[in-house]
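The structure appears right after this line, and notes come after that.
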Amino acid sequence: MNAIELIKDGVTSSVNTLYGQEIDSSKIVWNLTRKEFEGDFTVVVFPYTKLARKGPEQVAKEIGDFLVANLDIVESYNVIKGFLNLVIADSFWKGFLEKVYNTENYGKIAPNGRKVMVEFSSPNTNKPLHLGHIRNILLGWSTSRIMEMAGYEVIKVQIVNDRGVHICKSMVAWLKFGNGETPESSGLKGDHLIGKYYVLYSKEETAQKAALAEQGIEDDEPAILKEARAMLRKWENGDEDVIQLWKKMNGWVYDGFEATYKNLGVHFDKYYYESDTYLLGKDIIADGLGKGLFYEKADSSVWIDLSDVRLDEKIVRRSDGTSVYMTQDLGTARLRFQDFGAEKMVYVVGDEQDYHFKVLFEILKRLGEPYAEGLYHLSYGMVNLPTGKMKSREGTVVDADDLIHEVVYEAKSQSLERGELLGLEESEKEVIWKDIGLSALKYHMLKVHPKKSMLYDPKESLELQGQTGPYIQNAYVRVAGVFRNLASEFSASKMMEYEKLESHEKETLLLLHQFPAVVQSAASEYDPSEIAHYAYDLAKTYHRFYHEHSILKAPSDAAKSFRLALSQAVGNVLGSAMDLLGIEMPERM
């Protein structure tokens, strides 16, 4: 049992014994003691003044006396108005460290038998993955890892937008301008090749619009757009030539996507394709019409009225009987539940789709879907660069592959400039440079709360000082270095002989103690930034401890062994925390 659970039980017992009242331990309010006061944990006693019919300071003193007398872990206390500051005994902290210093999966919660599905990435097949996709992918992957750590069985999925007029635009451009170019003949990744033709299409459409305008024609579409629409109609009618071209070009894109996913260290358990799912949901609409949930307008389009929850009216089927995105998403949600039975579904999608998901979730609730209460839209803000916004059609996006290459190259350049990693094989250096570069990218993306828009600066993300991935990696490397040099001097029995903990040691232990609670909170809030901030706080605290208290020249063998165990515990937890962010930890930097 951790310190908080013991304290809550103690407070519950004290209120019952002292005042004859039962209280709910889950409602006990506590905090870490503020740094300007003595103590480790603070219990708020104001809720018990009415039960005791006494002032807050007296209640705090009486509960404090009870805890000191009856709870071994509480060494002393002090009272600041209605706040009871508890000092936890060193014996508790030593026992805690003894249990966790060699536990690599510390903080992992036992399986709870519940399934959650996380949908992320979900790109279009007309362009490569870009900076915005990276934020999406990293949020989805990290959320999946955190949910697994919190005891869930997690299914990672994406739905690939592989059909529609935007896909046909790249296909038309390739036929017109490609001269049979392939990834092999061009030396380009497949997704980059297709993205090239999407940009060429957009430029040609813009030129044709301008030409029409010069002729005074404003009510006609450019010829190339008509070609794209005609190709989409052929695709929907199963034209064999169009289908084969579509399969070939999409195949190039998928190969390119997979290479990027591998570079980022992510994978999926299941792929859904819009070409397979766009007709789903029609039966749901028909069923809902029969039950009066939806209504049909004079033009045969089908709608739902959600004005009672301020979501207005929403079309769910066009007048010609074809599906809209909402129709498809209704069907896909049901299909996924049939496939996996996940009681929770997390959709990682940008905040421009907030309204869509509010409507989707409301409709699924009204349909009585068994998973409807477990739906969550992990909405995130836009990623901007110092140079401004990105535009796919103009070819001004920052490709994910280019960005990955840039951060790894910058990590390598900085390392060579500092003269690091001497004596290592070149292959080992390459792995470390990649770990550092990707750490910079991933941490910079994930330390920002998902709902906030963010500015990404590659060079700032690689700083070895401040709140960056490499700074945290440096703390881990420091621990690794300590053990390379001093592991033979560690003694588990000596560790427990250490008598008086220093303030920096206790501060570090307090942070280690919090890790399981941070994991649970990050899982319940779907917020990887909580893990990112925790990892930074732990790294910063360890760096401070390391500078203030020598391990090599510790005052006793007991102190040395204790500090070695503390270092190992920090290394393990930093490794676990950063793994939740999808970040590899090098042994050297």
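The values are calculated or read from the model by the stated rules, or taken from the named source; none is laboratory data. Values in this document were obtained by computation on a predicted structure and should not be read as measured data. FYI the Cβ positions are ideal-geometry reconstructions off the backbone, even for glycines, and counts take in every protein chain you see. The protein model used for the area step is the full one, side chains on, heavy atoms only, and it has no ligands, DNA or RNA in it. Shrake-Rupley method; radii C 1.70, N 1.55, O 1.52, S 1.80 Å.
The table below lists the values:
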{"item": "Only one of 105, 85 that is outside any helix (DSSP H, G or I), under 20 Å from the mean Cα position of the chain (by Cα) and farther than 30 Å from residue 337 by Cα", "result": "105"}
{"item": "Positions within the range 147-192 being among the aliphatic types (A, V, I, L, M) and within 30 Å of residue 580 (Cβ to Cβ), in sequence order", "result": "147, 149, 150, 154, 155, 157, 159, 160"}
{"item": "Tally of residues being part of a helix (DSSP H, G or I), modelled with pLDDT of 95 or more and not aromatic (Phe, Trp, Tyr) across the range 152-186", "result": "13"}
{"item": "Residues being in contact with a helix residue (DSSP H, G or I) (Cβ under 8 Å, 6 or more places away or on another chain) and closer than 29 Å to residue 513 by Cα - total across the range 48-67", "result": "7"}
{"item": "Output for the range 249-286, where each listed residue is in contact (Cβ under 8 Å) with a residue 60 or more places away in the chain, open to solvent by 60 Å² or more (accessible area, probe 1.4 Å), in a helix (DSSP H, G or I) and farther than 30 Å from residue 436 by Cα", "result": "none"}
{"item": "Condition met for residue 364 (more than 30 Å from residue 170 (Cα to Cα), exposed (fewer than 14 other Cβ atoms within 10 Å of the Cβ) and hydrophobic (A, V, I, L, M, F, W, C))", "result": "no"}
{"item": "Residue check, residue 94 among the basic types (Lys, Arg), over 25 Å from residue 523 (Cβ atoms), open to solvent by less than 60 Å² (accessible area, probe 1.4 Å) and out of contact with any Pro (no Cβ under 7 Å at 6 or more places or on another chain)", "result": "yes"}
{"item": "Residue in the range 290-316 that is most open to solvent (accessible area, probe 1.4 Å), counting only those that are in a helix (DSSP H, G or I) and at pLDDT 95 or above", "result": "308"}
{"item": "Single residue of 269, 255 found to be under 21 Å from residue 166 (Cβ atoms) and either over 41 Å from the mean Cα position of the chain (by Cα) or not hydrophobic (A, V, I, L, M, F, W, C) (or both)", "result": "255"}
{"item": "Condition broken by residue 577, with the remaining ones in (1) at pLDDT 95 or above; (2) surrounded by fewer than 23 Cβ atoms within 10 Å (Cβ to Cβ) satisfied", "result": "(2)"}
{"item": "The listed residue being closer than 24 Å to residue 517 by Cβ and assigned to a loop (DSSP other than H, G, I, E, B), out of 36, 75, 5, 22", "result": "36"}
{"item": "Residues within the range 208-248 that are surrounded by 13 or more Cβ atoms within 10 Å (Cβ to Cβ) and outside any helix (DSSP H, G or I), tallied", "result": "3"}
{"item": "Selection status of residue 431, out of contact with any His (no Cβ under 9 Å at 6 or more places or on another chain), of a type in the set (A, V, I, L, M), modelled with pLDDT of 95 or more and open to solvent by 50 Å² or more (accessible area, probe 1.4 Å)", "result": "yes"}
{"item": "Filter result for the condition that a residue is at pLDDT below 90, polar (S, T, N, Q) and within 22 Å of the chain's Cα centre (by Cα), over 461, 392, 439", "result": "461"}
{"item": "Condition check for residue 461: within 29 Å of residue 347 (Cβ to Cβ) and either open to solvent by less than 80 Å² (accessible area, probe 1.4 Å) or in contact (Cβ under 8 Å) with a residue 12 or more places away in the chain (or both)", "result": "yes"}
{"item": "Only listed residue being more than 22 Å from residue 157 (Cα to Cα) and not in a strand (DSSP E or B), chosen from 329, 339, 320", "result": "320"}
{"item": "Hits in the range 130-154 (condition: of a type in the set (A, V, I, L, M) and open to solvent by less than 10 Å² (accessible area, probe 1.4 Å))", "result": "131, 134, 137, 138, 139, 146, 147"}
{"item": "Residue count, the range 488-532 (criterion: open to solvent by 50 Å² or more (accessible area, probe 1.4 Å) and of a type in the set (A, V, I, L, M, F, W, C))", "result": "3"}
{"item": "Residues of the range 33-43 classified as out of contact with any Gly (no Cβ under 6 Å at 6 or more places or on another chain) and either of a type in the set (Lys, Arg) or buried (at least 17 other Cβ atoms within 10 Å of the Cβ) (or both), total", "result": "7"}
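Condition check ((1) in a helix (DSSP H, G or I); (2) surrounded by 15 or more Cβ atoms within 10 Å (Cβ to Cβ)) across all residues:
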residue: 11; (1), (2): yes, yes
residue: 16; (1), (2): yes, no
residue: 26; (1), (2): yes, no
residue: 31; (1), (2): no, no
residue: 50; (1), (2): yes, no
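Per-residue answers, yes or no, for (1) part of a helix (DSSP H, G or I); (2) farther than 12 Å from residue 410 by Cβ:
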position	(1), (2)
445	yes, yes
460	yes, no
466	no, yes
476	yes, yes
